[in-house]
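Only one structure is covered here, and it is reproduced in the block below.
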Amino acid sequence: MTPTVLFIPGIAEFAVYNAVAETMKTLPVIVRTLDIGGDKPLPYIKLKPELNPFLGERGIRLCLNRPELFREQLRAILRAAPAGNLRIMFPMVSDISELRQARALIEELRSELGTPPVQIGIMVEVPSAALMADIFAPEIDFFSIGTNDLTQYTLAMDRGNSALASKHDGLHPAVLRLIAFTIESAHKHGKRADICGELGSDSAAVPILLGLGMDELSVSIPSVPTVKAQVRSLKISDWQSVAREALNCSTAQEVRELVKKNIL
């Protein structure tokens, strides 16, 4: 599991990133750029009230709308990157033009600072990014599939709504098809597809994700020993056909029953 560092405001940014890079040495560390909006507010950044903040100014949209704030973080990451193996990841990308604008800004800052290239990836959290993964893949180094938001936007269900909790399931075949296409597109272009979100800690989802070809799972700290033990017990070749079968299921419950049947 590659560690992810979130946005740290103020002049201490470079010092924090540099300390992380030096500590981790050659091990990769992904720095996710400022990811607020929706259910992620920050007290020191004032956002206009929105009728539907989950569909509003959040993630990469906010960063591109506030270029000086964006530049501050990117400059700090690029300055710290040579001390270790930092990578940059953009959240909530929904259109290739957003990625291209962000990359252009990175290249401008790299020229200004004289720093080496860094790997760049995007979060796949909205259906448009997943459906256009074959277009994104040649222009990035890795995908990180954010299953919490991807499930929310695919099923049109607020993941914070307790009344919908039983239906908000990342093993829904519609979500799995988007995940599968993202992985396929990444591998076709020699890129990596990782997963981020609660689904990576779901014991029923782990064999399906590995069977689909997922390269890396991001899991909650308490779940690490359990998931590691489960992964060691699985033979991926045995789950490839099961994973493809899961894509043709009708419901998330059918997928869970399929996994249960093949584990027993």
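Consider the range 39-90. How many of its residues are in contact with a strand residue (DSSP E or B) (Cβ under 7 Å, 6 or more places away or on another chain) and under 21 Å from Tyr153 (Cα atoms)? If you could, list the steps in order and put the result at the bottom.
Here is the first cut: in the range 39-90, the ones in contact with a strand residue (DSSP E or B) (Cβ under 7 Å, 6 or more places away or on another chain) are 47, 53, 56-60, 62, 77, 80, 84-90.
Cutting the leftovers down to under 21 Å from Tyr153 (Cα atoms) gives us 53, 56-60, 62, 89-90.
Residues that pass the stated criteria total 9.
The set of residues from the range 114-139 being out of contact with any helix residue (DSSP H, G or I) (no Cβ under 7 Å at 6 or more places or on another chain) and surrounded by 21 or more Cβ atoms within 10 Å (Cβ to Cβ) comprises Gly121, Met123.
Return the total of residues in the range 157-176 being part of a loop (DSSP other than H, G, I, E, B) and more than 23 Å from Asp194 (Cα to Cα). Outline the logic, then answer.
In the first step, residues of the range 157-176 are kept if they are part of a loop (DSSP other than H, G, I, E, B); the result is 157-161, 165-172.
Applying the additional criterion that residues be more than 23 Å from Asp194 (Cα to Cα) yields 157-158, 160-161, 165-167.
Qualifying residue count, the range 157-176: 7.
Hey, does the range 189-198 have a residue that's under 19 Å from Asp149 (Cα atoms) and aliphatic (A, V, I, L, M)? Yes, that holds for at least one residue.
Scanning the range 95-113 for residues being basic (Lys, Arg) and surrounded by fewer than 12 Cβ atoms within 10 Å (Cβ to Cβ) gives a total of 1. When the range 216-253 is filtered for residues that are surrounded by 14 or more Cβ atoms within 10 Å (Cβ to Cβ), without any contact (Cβ under 8 Å) to a residue 24 or more places away in the chain and of a type outside the set (S, T, N, Q), only Glu245 remains.
Have a look at Arg75, Arg66 and point out the one that is farther than 27 Å from Asp215 by Cα, modelled with pLDDT of 95 or more and basic (Lys, Arg). Before the answer, list the steps.
On the way: Arg66 fails: modelled with pLDDT of 95 or more.
The conditions single out Arg75.
The values are calculated or read from the model by the stated rules, or taken from the named source; none is laboratory data. Only a predicted model underlies this, so the values are computations on that prediction, with no experimental measurement involved. All Cβ positions, even for glycine, are placed from backbone atoms using ideal geometry, and neighbour counts span all protein chains on display.
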